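Please read the structure below before turning to the comments.
Bear in mind these aren't lab numbers, they're just calculated from the coordinates by the rules spelled out. Note that the structure is a prediction, hence the values are computed from the model and not measured. Every residue, glycine among them, receives a Cβ derived from its backbone with ideal geometry; neighbour counts consider all protein chains shown.
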Amino acid sequence: MQKLSEILRVFVLVGLPAMGVVIVDAVATSGIGLGMVTMAILLSALSAWLLIRSSIKQEQEFETECRRLSQTLRSLESGTPPPNSTGEGLSSFVRNSNSPSSSTIQLFQKTSDEVVEFMNSLHQENSQLGKSDARYQSILEAMSEGVLLIDCDGKISFGNSSAGKLLDRDWKMIEGRHLWEVVRNTDLQSTIEIAFESEGIVRHEFEHPRTKSIIGTSAVPIEVNDGQGLLIVLHDVTELRRLEKMRREFVSNVSHELKTPLTAIQAYADTLIEGGLEDVENSQMFVERILDQAGRLQTLIQDMLRLARIESQADAFQLQTISLSEVLESCVDARQAVARSRNVNLTYDPPTDEISVVADREGLRTVFDNLINNALNYTADQGAVSVRGFCHDGKAIVEVEDNGIGIPQEHQSRIFERFYRVDKARSRGMGGTGLGLAIVKHCMGVFGGEIEVESETGRGTLIRILLPVSEQSAQLIETVKGST
Amino acid sequence: MTVHMQLDLSELHRELLAMCTRVEDMIHRSVGQLSSPDFQVTRELIQEDNEIDRWDVRIEDHCLKILALYQPVAVDLRRITTVMKVAAELERVADLAVSISERACGLLNTPQFSVPSQLTEMATRAVSMLHRSIDCYVDMDSQLARQICEEDDEIDRMNEELINDLIQRMHESPDQIDALLHLFSAVRTIERVADHATNIAEDIVYLVEGKIIRHAGKFEREDQASP
């Protein structure tokens, strides 16, 4: 349809004027016959047809060239490299063409070559940018620190997956959304508000209410999309703060534990000096108390030294193959008297097979003594403590179970820390240095064993010790099993 | 007019989320009280609860104003009604936060008594349900909302177990009856927090899908029973 209109246009422009001229001439001369007029009309029609044909050919070539250019642009847009040929068809078309518009076509050819060249270089730059973008993206994703980029409107421009993990949020479709909407954390929000108003780095720490982890944030002003945004870096400092707290508590606990017997000794000594010595009846009791407290102080210092030696691996343990039941039995027997005095039923369930473990005899005895003592201390009158030894899955297992007060869940992970007391007021009254379980844990570390706690408040506690069975014993057990 | 309504709606959205943040913060602190009760925190929570009450009224006023001014339809109407309902639920949760905190402080009179670990576990779950139901509102995620509705059954089961356990302990040691009653009340309150979280999740299903799923199971059973 378009072509037909073009043909008509050329015919009107070229054919009709030619015909008009011929007719006017014929009328003017008026001597020319009808045959001549018909001839003139035919000639003008022929010339018009020739002109139309040449024009159509030019248009077709021009169209082909345009198509080629558009194809090149499309291929660049889709990311595939464009074809190498540039404007050859157009050049030949321009060379062969005698049309008056060839200068326009030349200009078009030049422009199209420039466009192709420009698109080529753009494509190269794009692919390089794409590669470097992917590299930075993977670096940010691999970071353990959370990175958040906030624009001037307070919307999230970027956030890596670590930020999502630290803030405990499903990190999908977050870009372009407000932080107050996605994260909803009062502390983080107030840090951002302060950081927007200040010029330097703003640092803050907060505890995440759900994960209970302590998150350190630093917010730095940064240019984002032609406005002042914020770059926020989040890092998990929970472990660091936990260790700091443990160290602080240790210093405070150790000074307290040392001070208590010393204060008592000082008070009794003062009383004796200020006339107490003459009171024969009471002075004897005071001196006995001084002796008790000095003994407590000595035990404490001994425990501390022992722990320090085990920790520094300076305590030379004599690791040898020893019989588990022998050590266990002697430990239980030694505590029977204490159990009876406290009205606690202490039972012992020995292993069915002879189990040998590689450990230090004295060290292992300390472990069992401490565990049984703790069980007896925290079990009420008429309570029961049972000690069991057995072999399971290639490991020697010793369980000390009581039906005492139990350990609340939140304290269970901390009872092996030095001087850690679940109930500070009560534990000191029961004696003990507060180092027993710390020593047990370190000894188990040296013997290559593990320790587990199962406890429920009001129901009791079970402490399980898992020790690797010595090779000889393991072979023996296998033989026994095979023969039965 | 639509532009103005959209501006008002986004303002309302921001206001509701600010309320959510505050209420979540309150419930976290009140549940934390169970392991370390503190009268000062309880006093602060009572103060904050008053603010939440005002917030609830303010949001309702705002919703009514939008309804009267623009007479919205379809999703806009659903959003406004959902905001009104969610704000009311949050106001109740803030009241429960104060109640849990008061019950926890009641345990201070019996220092040897400690909170069972199942209760803290139940509280953590209930609070997580509340948090995720608000996430559903933010993300317009009706699938997660339906999942939260199902989680309520687990909380009900835990509630039943804990209540039975407490009754048994009351029989065993009547001297601890005061502390056990406080605990009993705390368990019920936490169970109600989970109920409110479920209500919010149900409201979100309505917001997204336009379907009211409240009591749907019960209605279905009734329909089947009476042909």
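Per residue of B:13-21, how many C-beta atoms from partner chains lie within 10 Å of its own C-beta, taken as a mean? Don't jump to the answer; show the numbers that get you there.
Values: counts 2, 3, 0, 0, 5, 4, 0, 3, 7.
Going residue by residue through B:13-21 and averaging, the value is 3.
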Of B:Lys65/B:Lys85; B:Lys85/B:Lys218; A:Lys212/A:Lys395; A:Lys245/A:Lys395; A:Lys245/A:Lys441, which pairs sit farther than 25 Å apart, going by alpha carbon to alpha carbon? A:Lys212/A:Lys395; A:Lys245/A:Lys395
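Assuming 0.36 nm per residue, please report the length gained on full extension of the stretch A:Leu243 to A:Ser218 beyond their Cα-Cα distance.
The span from A:Leu243 to A:Ser218 would gain 6.8 nm if fully extended.
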Nearest-0.05 FRET efficiency for A:Val287 and A:Gln382 at R0 = 30 Å, using Cβ-Cβ distance, is 0.25
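About its Cα centre, how strong a charge dipole does segment A:240-311 have in debye, to the nearest 20, once Lys and Arg get +1 and Asp and Glu get -1 at the Cβ? Let's see the in-between values first.
On the way: 10 positive and 12 negative charges, 185 e Å.
For this selection, approximately 900 debye.
Can you pull the mean other chain C-beta count within 10 Å for peptide B:24-36?
2
Beta carbons within 10 angstrom, averaged per residue: use that to sort the peptides A:434-440, A:277-283, highest first.
Working: A:434-440: 22.1, A:277-283: 11.0.
Highest-to-lowest ranking by the protection proxy: A:434-440, A:277-283.
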Can you list the aspartates and glutamates whose alpha carbon sits under 19 Å from that of A:Lys172, skipping same-chain ones fewer than 8 residues off? A:Glu141, A:Glu145, A:Asp151, A:Glu181, B:Asp135, B:Asp139, B:Asp141
Quick calc: nm separation of the 7 Å Cα→Cβ label points for A:Ser70 and A:Asp393 -> 7.2 nm
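Checking understanding here: applying a Kyte-Doolittle mean of at least -0.5 and a length along the axis of at least 18 Å (C-alpha), which whole DSSP H helices in chain B pass?
Values: long enough: B:2-32 (44 Å, -0.05); B:39-70 (46 Å, -0.42); B:74-106 (48 Å, 0.42); B:117-139 (33 Å, -0.04); B:142-172 (46 Å, -1.05); B:177-209 (48 Å, 0.56).
Length and hydropathy pass: B:2-32, B:39-70, B:74-106, B:117-139, B:177-209.
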Quick one: if you stick a label point 7 Å off each Cα along the C-beta vector at A:Lys259 and A:Glu145, how many nm between them? 4.0 nm
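Relative to the present Cα-Cα distance, how much length would full extension add between B:Glu11 and B:Glu209 at 0.36 nm per residue of separation? Working shown, then result.
Details: separation 198, 0.36 × 198 = 71.28 nm, distance 2.31 nm.
Gain on stretching B:Glu11 to B:Glu209: 69.0 nm.
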Using 0.36 nm times the number of residues separating A:Ile194 and A:Ser121, minus their current alpha carbon distance, what extension gain do you get? 21.8 nm
Taking the Cα centre of segment A:320-483 as origin, work out the dipole magnitude from +1 charges on Lys and Arg Cβ and -1 charges on Asp and Glu Cβ, in debye rounded to 20. 740 debye
Give me the one-decimal nm value for the distance between modelled label points at A:Ala45 and B:Lys218, 7 Å along each residue's Cα-to-Cβ direction. 9.4 nm
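Averaged across the residues of A:405-412, what count of C-beta atoms belonging to other chains lies within 10 Å of each residue's C-beta? Walk me through the numbers on the way to the answer.
On the way: counts 2, 3, 2, 6, 8, 6, 2, 1.
Mean number of neighbouring Cβ atoms from other chains: 4.
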Can you tell me how chain B classifies by the Cα gyration tensor, rounded, prolate or oblate, using a/c under 1.5 as the rounded cut? oblate
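Could you sort the peptides B:81-88, A:348-355 by per-residue average Cβ neighbour count (10 Å cutoff), highest mean leading?
Taking the mean over residues of other Cβ atoms within 10 Å, the ranking is B:81-88, A:348-355.
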When a/c is below 1.5 the answer is rounded, else prolate if a/b is larger than b/c, else oblate, so apply that to segment B:170-227 with a ≥ b ≥ c taken from the square roots of the Cα gyration tensor eigenvalues. oblate
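So, by mean Cβ neighbours within 10 angstrom, what's the order for A:131-144, A:441-454, A:296-309, B:11-24 with the highest one leading?
Numbers: A:131-144: 10.9, A:441-454: 17.6, A:296-309: 15.9, B:11-24: 19.1.
Final packing ranking: B:11-24, A:441-454, A:296-309, A:131-144.
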Classify the protein assembly as shown: rounded, prolate or oblate, from the alpha-carbon gyration tensor (a ≥ b ≥ c, eigenvalue square roots; a/c under 1.5 rounded; otherwise prolate if a/b is larger than b/c)? prolate
Show the residues, 5+ positions off or on another chain, whose built amide H is closer than 5 Å to the amide H of A:Tyr348. A:Val387
